[in-house]
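Here the structure comes first, spelled out in structure tokens, and everything after it is commentary.
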Amino acid sequence: MKKIISAIATVALVVGTAVAVAPAANAACSGKLKIAYQGPLTGPEAALGINELNGVKFALSKFLTANKGANVDPTVYEVDDQGDPAVAGPIAPKVAAEECVVALVGPAYSGASKVSLPVYLSAGLSIITPSATNPTLPTFGKSIFHRAVLTDDYQGPAAARLIVSKNKNAKVFLVNDASDYAVGLQKTVDITLAGRVVGKDVTPTGTTDFTATIAKIKKSKATAVFYSGYFSQAAVFVKQLRDSGSKITFASGDGTLDDQFVKLARKSAEGALLTAPAIPFETASPKLAKEMTAMGMKPGVYTTESYDAANFFLEAIKAGNTDRASINKYVSTKSSKGLSKTLKFDAEGEVSGADVNGFIVKNGKLVLLGAIK
Amino acid sequence: MDFALLRDAFWGLTFDGLALGAIYALISLGYTLVYGVLRLINFAHSEVFMIGTFSALVASGIMGVKVEDDPRTGWKMVLTLLVCLIAAMLASAITAVLVEIIAYRRLRQRGATKLATLISAIGVSISLVEAFRIITHSLPREFPRIMDKTFLLSYAGADIRNDKVIVIVAAGLMMFALERFISKSRYGKGIRAVSMDENTATLMGVNINKVITVTFLAGGLMAGAAAFFYILVYENTSFKVGFFLGISAFTAAVLGGIGNLKGALFGGFVLGVLETYTSAVFGTAWKAVISFLILVLVLLIKPTGLFGESIQQARV
């Protein structure tokens with residue numbers, strides 16, 4: 001509850017001050033152009049942000065090797081919002097005021113996006129998010145908003161289909177952590193499963209004891225539970241679920257798709273079904289994945305999408321666009337052939353022609369099941 | 001609202017609520033002891049607990065337990081559990097005493113206002129949380145499974161699990177020992193004397209500083225035990241683990257009547273069970289709303305808590 005109130009307060013504050021703080025869209029940059037990345041780089045969700053930052057770093061270093069004289073700063077401008085709207089609110093105006101930041105990959109999370117996007121809109125700063133999947137985001141970012149992945153409108157139904165394909169007569173219990181992302185995702189799962197949903201509970205972020213939720217799941221006679229939320233709490237939940245003696249199917253979305261989930265939940269994570277509108281870097285390009293690992297950066301979930309997003313911006317710069325407005329125009333109208341898919345945004349900034357992938361935890365590893373049909 | 005669930009799973013929920021409540025109760029003893037003696041809310045107490053959880057984690061590593069290992073058995077398991085428990089208790093107790101010496105003692109001796117001490121407490125709390133956030137890279141840590149979790153018996157639909165039984169029984173024993181210590185030992189008498197009247201106690205030859213150190217030590221030991229039990233049941237910790245549990249434990253102390261040992265004990269169990277019941281009936285999201293509403297109502301009727309605030313008579 002505290003988070004929601006502070007998020008609302010920050011939105012109000014940010015929208016109020018954005019106009020005053022943000023520079024004109026064409027403010028001149030006297031030095032090298034910077035590509036920014038925004039997402040959780042510290043905090044419990046940091047693993048995801050670091051995956052994405054690595055994708056951007058790798059794209060940038062490859063670009064600079066191929067284009068020696070390019071007027072682009074070799075260091076990524078890092079924006080750490082901890083995935084938290086309350087943290088993102090005060091940071092966004094500072095990023096917008098940084099004249100040499102001409103494009104931003106991120107924000108990683110939907111809640112943080114909602115408070116950041118209006119600021120970037122008024123500053124004309126073009127963004128491509130590699131992982132914020134809440135369907136309502138275009139209304140916050142309008143012309144500067146682009147998304148390199150499918151929204152929860154696609155992920156939710158795919159997750160529902162994955163559960164049913166593995167569990168023919170599934171009766172599903174839905175649990176979410178009350179975050180923007182989780183509520184949005186659960187809604188679409190709920191609609192697709194319709195009559196199969198036998199119960200619901202909300203366990204806000206910070207919940208450590210899931211006793212009552214588990215009692216409800218047992219009473220509902222559910223054969224599967226879908227957890228909508230992020231990996232750190234998902235791990236605690238699935239552990240308690242298994243310790244209670246329950247063996248029902250555990251499924252979750254891309255917030256849980258992280259090595260950390262398997263590491264924290266250990267044996268309890270075995271058999272967990274996960275979905276993401278993302279493709280692992282190793283699958284998309286084994287050669288580049290090897291090269292990246294050799295540089296000391298481990299690819300993870302959403303590395304591919306971040307890599308593609310950063311490349312699109314870099315192509316725009318290579319084509320001679322050096323300010324925010326022209327870069328935004330370039331990515332909004334042109335297309336870029338990425339590793340995950342061809343990025344071509346529609347009027348809303350949404351991408352099409354991509355799949356939602358299914359994953360399963362097997363022997364302590366996340367294994368790709370392939371596109372969910 | 002799902003009263004049927006409460007009816008059907010009543011004993012199971014009660015048992016799990018008691019296990020959670022035992023942890024609350026152990027932490028709340030620290031709040032209550034310090035308040036009883038110094039009339040100070042020791043905000044850093046939640047971090048005393050947090051440090052206990054990390055110490056248990058480190059101790060398990062020293063004992064050679066790895067997260068991927070199978071649970072231990074026999075005397076090896078008992079020994080590992082005991083070492084982790086003692087490590088957590090010692091680390092928490094030392095932290096509590098150090099916090100007192102560094103952050104409170106000088107302020108107290110210079111006659112600082114209660115408010116200054118309170119801010120100092122909040123400052124210590126934030127520094128410790130941030131320090132652990134940096135050390136742990138903000139990531140939660142998993143605790144290895146030392147003891148296999150098995151169901152001892154099933155009664156009226158309630159599955160009684162071994163780790164939770166240990167928590168409830170051991171917490172009860174610790175609280176009994178603390179109560180004996182306060183009511184019978186020389187230092188216990190000192191604590192009671194100081195809580196009644198600091199000046200008179202000094203005149204009677206009670207060494208105030210020593211008594212206060214012992215108070216923090218006892219509170220720290222209990223928080224350390226709580227930390228071990230927490231990590232035994234929930235098997236994870238993070239830099240912010242103390243925040244939510246600290247608030248709940250503090251609430252438990254106020255509910256029972258802060259400054260009152262029996263009150264803290266009772267308040268802890270009541271809050272643990274209440275939270276579990278309300279989660280079942282109204283949904284987990286409403287847990288805090290309903291439990292704290294009940295707290296407000298209780299305080300409206302009994303402003304000094306269920307057992308009264310008076311340290312002097314009631315706490316022993």
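For the stretch A:167-182, taking the residues that are open to solvent by 10 Å² or more (accessible area, probe 1.4 Å) and assigned to a loop (DSSP other than H, G, I, E, B), the one that is farthest from the other protein chains (Cβ to nearest Cβ) is identified as A:Lys168. Scoring A:Ala86 on the criteria (1) closer than 15 Å to A:Tyr37 by Cα; (2) of a type in the set (Gly, Ala, Ser); (3) open to solvent by 10 Å² or more (accessible area, probe 1.4 Å) leaves a single failure, condition (1). Scanning the stretch A:257-271 finds no residues that are within 26 Å of the chain's Cα centre (by Cα), hydroxyl-bearing (Ser, Thr, Tyr), at pLDDT below 90 and open to solvent by 10 Å² or more (accessible area, probe 1.4 Å).
Considering only residues in the stretch B:286-309 that are open to solvent by 40 Å² or more (accessible area, probe 1.4 Å) and either at pLDDT below 80 or in contact with a strand residue (DSSP E or B) (Cβ under 9 Å, 6 or more places away or on another chain) (or both), the one that is nearest to A:Pro204 (Cα to Cα) turns out to be B:Trp286. Is it the case that B:Thr237 is at pLDDT 90 or above, open to solvent by less than 30 Å² (accessible area, probe 1.4 Å) and hydroxyl-bearing (Ser, Thr, Tyr)? Yes.
Within the stretch A:186-231, being open to solvent by 40 Å² or more (accessible area, probe 1.4 Å) and under 19 Å from the mean Cα position of the chain (by Cα) holds for A:Lys187, A:Thr205. When B:Arg145, B:Arg133 are screened for being touching a residue at least 40 places away in the same chain (Cβ under 8 Å) and either over 30 Å from A:Lys216 (Cα atoms) or more than 11 Å from every other protein chain (Cβ to nearest Cβ) (or both), only B:Arg133 passes.
Inspect all residues belonging to the stretch A:150-157 and state whether any of them is assigned to a helix (DSSP H, G or I) and within 12 Å of chain B (Cβ to nearest Cβ). Looking through the stretch A:150-157, none of the residues is assigned to a helix (DSSP H, G or I) and within 12 Å of chain B (Cβ to nearest Cβ).
Determine whether the stretch A:293-301 contains at least one residue that is under 22 Å from the mean Cα position of the chain (by Cα), without any contact (Cβ under 8 Å) to a residue 40 or more places away in the chain, open to solvent by 70 Å² or more (accessible area, probe 1.4 Å) and closer than 30 Å to A:Ser143 by Cβ.
Step one: of the stretch A:293-301, the residues under 22 Å from the mean Cα position of the chain (by Cα) are A:293, A:297-301.
From the residues that got through so far, the ones that are without any contact (Cβ under 8 Å) to a residue 40 or more places away in the chain too are A:293.
Of the ones still in play, those that are also open to solvent by 70 Å² or more (accessible area, probe 1.4 Å) are A:293.
Filter once more, keeping what is closer than 30 Å to A:Ser143 by Cβ: none.
Among the residues of the stretch A:293-301, not one is under 22 Å from the mean Cα position of the chain (by Cα), without any contact (Cβ under 8 Å) to a residue 40 or more places away in the chain, open to solvent by 70 Å² or more (accessible area, probe 1.4 Å) and closer than 30 Å to A:Ser143 by Cβ, which makes the answer no.
Is one or more of the residues making up the stretch B:76-83 open to solvent by less than 10 Å² (accessible area, probe 1.4 Å) and within 14 Å of another protein chain (Cβ to nearest Cβ)? Reasoning before the result, please.
Let us first name the residues in the stretch B:76-83 that are open to solvent by less than 10 Å² (accessible area, probe 1.4 Å), namely B:80.
Now drop any that are not within 14 Å of another protein chain (Cβ to nearest Cβ), which leaves none.
So far as the stretch B:76-83 goes, no, none of its residues is open to solvent by less than 10 Å² (accessible area, probe 1.4 Å) and within 14 Å of another protein chain (Cβ to nearest Cβ).
Among the residues of the stretch A:302-333, the ones that are within 22 Å of the chain's Cα centre (by Cα) and open to solvent by 30 Å² or more (accessible area, probe 1.4 Å) come to 2 in all. Please go through the stretch B:3-62 and pick out each residue that is free of Cβ contacts under 8 Å to residues at least 40 places away in the same chain and open to solvent by 20 Å² or more (accessible area, probe 1.4 Å). Matches in the stretch B:3-62: B:Ala4, B:Arg7, B:Val58, B:Gly61, B:Ile62.
Candidates in the stretch A:15-57 are the residues that are open to solvent by 20 Å² or more (accessible area, probe 1.4 Å) and among the β-branched types (Val, Ile, Thr); of these, the one that is modelled with the highest pLDDT is A:Ile50. Quick check on B:Glu68: is it among the acidic types (Asp, Glu) and under 14 Å from the mean Cα position of the chain (by Cα)? No: the conditions fail for B:Glu68.
Would you list the helices (runs of 4 or more DSSP H) that sit entirely within the stretch B:229-316 and hold 2 or more residues that are among the polar types (S, T, N, Q) and farther than 30 Å from B:Pro140 by Cα? Break it down stepwise before answering.
Working: elements: B:241-256, B:261-282, B:287-301, B:311-314.
Hits in the stretch B:229-316: B:311-314.
Mind checking whether some residue in the stretch A:156-166 is open to solvent by 10 Å² or more (accessible area, probe 1.4 Å), assigned by TED's automatic domain parsing to the domain that holds A:Thr223, in contact with a strand residue (DSSP E or B) (Cβ under 7 Å, 6 or more places away or on another chain) and of a type in the set (S, T, N, Q)? No, the stretch A:156-166 contains no residue that is open to solvent by 10 Å² or more (accessible area, probe 1.4 Å), assigned by TED's automatic domain parsing to the domain that holds A:Thr223, in contact with a strand residue (DSSP E or B) (Cβ under 7 Å, 6 or more places away or on another chain) and of a type in the set (S, T, N, Q).
For B:Gly267, state whether it is in contact with a helix residue (DSSP H, G or I) (Cβ under 7 Å, 6 or more places away or on another chain) and at pLDDT 90 or above. It is true that B:Gly267 is in contact with a helix residue (DSSP H, G or I) (Cβ under 7 Å, 6 or more places away or on another chain) and at pLDDT 90 or above.
It is to be established whether one or more residues within the stretch B:208-227 are of a type in the set (S, T, N, Q) and touching a strand residue (DSSP E or B) at 6+ places or on another chain (Cβ under 9 Å).
Our first condition is that a residue be of a type in the set (S, T, N, Q); within the stretch B:208-227, this holds for B:209, B:213, B:215.
Still in the running and touching a strand residue (DSSP E or B) at 6+ places or on another chain (Cβ under 9 Å): none.
The answer is no, given that none of the residues of the stretch B:208-227 is of a type in the set (S, T, N, Q) and touching a strand residue (DSSP E or B) at 6+ places or on another chain (Cβ under 9 Å).
Every listed requirement among (1) within 10 Å of chain B (Cβ to nearest Cβ); (2) in contact with a Ser or Thr (Cβ under 6 Å, 6 or more places away or on another chain); (3) under 28 Å from B:Ala9 (Cα atoms) is met by A:Phe231 save one, (3). Here is a check on your reading of the model: is A:Leu185 away from chain B (no Cβ under 14 Å), farther than 28 Å from A:Ala112 by Cα and either at pLDDT 90 or above or assigned to a loop (DSSP other than H, G, I, E, B) (or both)? No; evaluated as a whole, the condition is false for this residue.
When we screen B:Leu255, B:Leu232, B:Leu271 for residues that are within 14 Å of chain A (Cβ to nearest Cβ) and out of contact with any strand residue (DSSP E or B) (no Cβ under 8 Å at 6 or more places or on another chain), the only hit is B:Leu271.
When A:Thr207, A:Thr192, A:Thr136 are checked against the criterion of being over 24 Å from B:Phe244 (Cα atoms), touching a residue at least 24 places away in the same chain (Cβ under 8 Å) and in a loop (DSSP other than H, G, I, E, B), A:Thr136 stands alone in meeting it.
The values are calculated or read from the model by the stated rules, or taken from the named source; none is laboratory data. Predicted model, so just to flag it, every value in this text is computed and none were measured. Every residue, glycine among them, receives a Cβ derived from its backbone with ideal geometry; neighbour counts consider all protein chains shown. Side chains included, ligands, DNA and RNA excluded: accessible areas come from the protein's heavy atoms. Shrake-Rupley method; radii C 1.70, N 1.55, O 1.52, S 1.80 Å.
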